[in-house]
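Below is one structure; the comments refer to it alone.
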Amino acid sequence: MSAPKSSTRKHTALPKAQILVEALPWLTRHHGRIVVIKFGGNAMVDEELKAAFAQDVVFLRHAGLRPVVVHGGGPQISRQLDRLGLESEFRAGLRVTTPETMDVVRMVLAGQVQRELVNLLNQHGPLAVGMTGEDAHIMAATKHLAEVDGQQIDLGQVGAVSAVDTGAIEALLDDGRIPVVSSIARSADGTGPGEVYNVNADTAAAALAAALDAETLIVLTDVEGLYADWPHSDDVISELSATELEKLLPELASGMVPKMEGCLYAVRNGVHTARVLDGRVPHAILLEIFTDEGIGTMVVPDAVPDQRNAEGPA
């Protein structure tokens, strides 16, 4: 007697089941944990990548993780300044922020970039809530002076995060929401012309991740990760320790410095892993968190070596 037809039929959906099974250890590992994601790079300006990013974040939320999104908006700010006839000036990789520029920064981040992202997330349900670091005193900052050729340079209303109050974010997470935070902070003393500060989004995300005791910090960028010997090779470093990263920092391109400094700060202040991912890859977040291979570069504390290949999920 021949076997029943149903047992010999090719199940074309089987690979999908295998992918879900592969994700199971990571779902267990990350369940209930906070993941802070810095949204930037091409993922912020390409329509398909923006949609994929929103799907990834909502997937994390429904898979039992607790995502928090932090964003800047450099390209959008520059475009608006151009429209208004205001100059975009950068020193040491950071935007010089005059009072007039700060008005544009607040308008673009909270009124344009954040609203668009919140709307994309909320296409999948009433989940996302937008706020800035000013709201509920989430982030306080002090003036950041950049070093250029050995001299301290005043960048205007550019701040370094000095304190984080996570109460409002934790309340939203406990309510099942997805906080979306613009990288603007109030002045630590609350007075003077620098009452509000423009904060680098990588720095803000790292500070929030540490304050929230996050499981991981994810930084989306426009490269594959941290290159081992750029520009002589495009080999990406899969994993490195905090000390190894610290040694590499002086050699990095200026655009990577705040991202890697943020990763270093995070893992040295309680975050279990920090990851730099290529935001040009659709669903990069899901590939990194829920597959055996992983992509990008992962930074781990000195005491936790070989996280990608250790027994069990990273």
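The values are calculated or read from the model by the stated rules, or taken from the named source; none is laboratory data. Remember, it's a predicted structure, so these values are computed and weren't measured experimentally. Neighbour counts run over all protein chains shown; Cβ positions are idealised from the backbone, glycine included. Ligands, DNA and RNA are excluded from the accessible area calculation, which covers all protein heavy atoms including side chains. Shrake-Rupley method; radii C 1.70, N 1.55, O 1.52, S 1.80 Å.
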Contact order relative to length of the chain, as percent, for alpha carbon pairs under 8 angstrom and 6 or more apart: 21
Inter-label distance for D189 and R91, nm, one decimal - labels placed 7 Å from Cα along Cα-to-Cβ: 2.0
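Write down the Kirkwood hydrodynamic radius of the stretch 72-115, to one decimal in angstroms, obtained as one divided by the mean of 1/r over all alpha carbon pairs.
10.4
For the stretch 1-146, take N as its residue count and report Rg(C-alpha) divided by 2.2 N^0.38 Å. Display every interim value, and only then the final one.
On the way: Rg = 21.9 Å, N = 146, 2.2 N^0.38 = 14.6 Å.
That works out to 1.50 for the stretch 1-146.
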Net charge of neighbours whose Cβ lies under 11 Å from the Cβ of G64, counting Lys and Arg as +1 and Asp and Glu as -1: +4
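Treating only the Cβ of Lys, Arg, Asp and Glu as charged (+1, +1, -1, -1), what charge dipole size does the chain show about its Cα centre? Round to the nearest 20 debye.
1260
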For the chain, calculated [θ]222 nm from helices alone, where every DSSP H run of n ≥ 4 adds -39500 (n - 2.57): -10500 deg cm²/dmol
Net charge contributed by nearby residues that have their C-beta within less than 9 Å of G296 (K/R +1, D/E -1): -2
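Rounded, prolate or oblate: which fits the stretch 200-288, taking a ≥ b ≥ c as square roots of the Cα gyration tensor eigenvalues, rounded meaning a/c under 1.5, else prolate when a/b beats b/c? Don't skip to the answer; put the middle values down first.
Values: a/c = 1.71, a/b = 1.25, b/c = 1.37.
In terms of gyration-tensor shape, oblate.
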Rounded percent of accessible protein surface that carbon and sulfur make up, the chain, 1.4 Å probe: 52
Part-to-part distance (alpha-carbon centres) for the stretch 195-267 and the stretch 88-136, which is given in Å: 21
Largest to smallest accessible area among E288, E239 [probe 1.4 Å]: E239, E288
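Under a Cβ-Cβ cut-off of 10 Å, what is the net charge of the residues other than M139 that fall near it, where Lys and Arg count +1 and Asp and Glu count -1? Can you show the working numbers first?
On the way: positive: R186; negative: E134, D135, D165.
Charge balance near M139 sits at -2.
Hey, what did the stretch 1-154 get for relative contact order, percent, Cα under 8 Å, at least 6 apart? Mind dumping the intermediate values first?
On the way: 112 pairs, mean separation 27.0, N = 154.
Relative contact order, the stretch 1-154: 18 percent.
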Listed residues G150, V21, L252: farthest to the positive end of the dipole of the chain (Cβ charges): V21
For the chain: lysine pairs under 26 Å (alpha-carbon distance), excluding those fewer than 8 apart on one chain: 9
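Largest first, what is the accessible-area ranking of I34, I19 with a 1.4 Å probe? Numbers along the way, then the final one.
Numbers: I34 15, I19 105 Å².
So the residues, ranked largest to smallest area, are I19, I34.
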